[in-house]
Amino acid sequence: MEGKRYLIVGSNVRNVAESARKAGYEVYVLTKHADADLKLYAKQVFRIEDENGEWVRKRAFELSESLEAEIIWASGYEEFQGKNVERVVNKRWFYAELDRIGIDYPELLSDGEKGILKPEKGGGGEEVRIGERREKGFILQRYIPGIPCSVSVISTGEEAKGIAVNRMLVGLKEFNATGFRYCGNITPFKSDAARQIVRIAEELVLYFELTGNVGVDFILADKPYVLEINPRFQGSLDSIEWACDCNLFRMHVNAVDGKLSDCRVRRFAGRAVVFADRDVKIGSSPVGNSFFADVPVRGARYRKDDPLVSVLASGGDEEDVMRRLVERKRLFTEMIA
């Protein structure tokens, strides 16, 4: 409904706010990262001043009531949607359920076995590393070399449609990312296994009774292995909207209302997250330049390895998009000097 108000709550919500504003909604945000371009889309930006989850929940409900706005729980706070989502984002519970229904995933390991150590909750590759001893709040999982990819699904709870398969960019030195850190997406990801992973993603979203826009992450090796499910808007939102000429926020709202919509890939597109390769002070803030998103505020200081900006590009194929992303990273680095 045009004119309806939404309060978007998340660690970094510029992409969701932009999609919601372009869909015609009045947008407010409660976030950790008040990027310069966020103000282009949000009528008012409120800062998360205390990372305690209960503080964020309480503040969100206070703002929702005073603004008469419906809450959209985004990155970092999706578990507040309810008990079902809270269980799904717990990887230990999620993998136990995958085991029960016979879906392939990288199995959990015992102490002394070398593998991937990752937090039970959370995403983006944060705190993920190679290890061989379990720690409190972490799981130890077999490392499977392969291609990281994802499926973005739209679901009414009774029907689900995989609308895009995306290559995930992870730990790429081109964008100063290290280890297993997420640094973007290219849409579409062309693979002989695309139909199979779409089918698995659709089945899982319906099995877990999730609605709206949901992402399912895979590692594609000898076969697809499910990594996690993200019951929220994903980092691939920009690349999907650029590739498909669609509006994911509108599709999400329609799906929650029981109306399933689809879109078609028209071109290759990508978003890459650029991390700071050193401590830096922002000299110029190119707000409004369509090559850049999540733009830092002029004069802001960033530490080495902080996420700095997102670069966007479209092209004729994956290689073309990657080349343009790298070129735009170079351009941004020159602009802020």
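The values are calculated or read from the model by the stated rules, or taken from the named source; none is laboratory data. Note that the structure is predicted; figures quoted are calculated from it, not measured. Cβ atoms come from the backbone with ideal geometry, glycine included; neighbour counts cover every protein chain shown. These accessible areas exclude ligands, DNA and RNA; they are computed on the full protein's heavy atoms, side chains included. Shrake-Rupley method; radii C 1.70, N 1.55, O 1.52, S 1.80 Å.
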Note to self: Condition first: over 18 Å from residue 295 (Cβ atoms), hydroxyl-bearing (Ser, Thr, Tyr) and more than 19 Å from the chain's Cα centre (by Cα). Can you find one or more residues in segment 75-84 that meet it?
What the structure shows: no
Notebook entry, point to check: Scanning segment 305-332 for residues that are touching a residue at least 12 places away in the same chain (Cβ under 8 Å) and within 17 Å of residue 283 (Cβ to Cβ), which turns out surrounded by the most Cβ atoms within 10 Å (Cβ to Cβ)?
Noted result: 309
Check: Within segment 89-99, is even one residue farther than 21 Å from residue 137 by Cβ, among the polar types (S, T, N, Q) and in contact (Cβ under 8 Å) with a residue 12 or more places away in the chain?
Finding: no
Next item on the list: Look at segment 122-155 and say how many of its residues are open to solvent by less than 30 Å² (accessible area, probe 1.4 Å) and not in a strand (DSSP E or B).
Entry: 2
Checklist line | Residue check, residue 59 in a helix (DSSP H, G or I), within 18 Å of residue 12 (Cβ to Cβ) and free of Cβ contacts under 8 Å to residues at least 40 places away in the same chain | finding: yes
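Quick one: is residue 313 farther than 16 Å from residue 337 by Cβ and in contact with a Ser or Thr (Cβ under 8 Å, 6 or more places away or on another chain)? Walk me through it before giving the result.
On the way: farther than 16 Å from residue 337 by Cβ: yes; in contact with a Ser or Thr (Cβ under 8 Å, 6 or more places away or on another chain): no.
Here the answer is no, as residue 313 does not meet what is asked.
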Next item on the list: Looking at (1) open to solvent by less than 10 Å² (accessible area, probe 1.4 Å); (2) under 25 Å from residue 254 (Cα atoms); (3) not in a strand (DSSP E or B), find the lone condition where residue 15 falls short.
Entry: (1)
Margin query: Which numbered condition in (1) in contact with a Pro (Cβ under 9 Å, 6 or more places away or on another chain); (2) more than 30 Å from residue 160 (Cα to Cα) is the only one that residue 273 fails?
Written below: (2)
Margin query: Looking at 66, 110 in this structure, which one is polar (S, T, N, Q) and assigned to a helix (DSSP H, G or I)?
Written below: 66
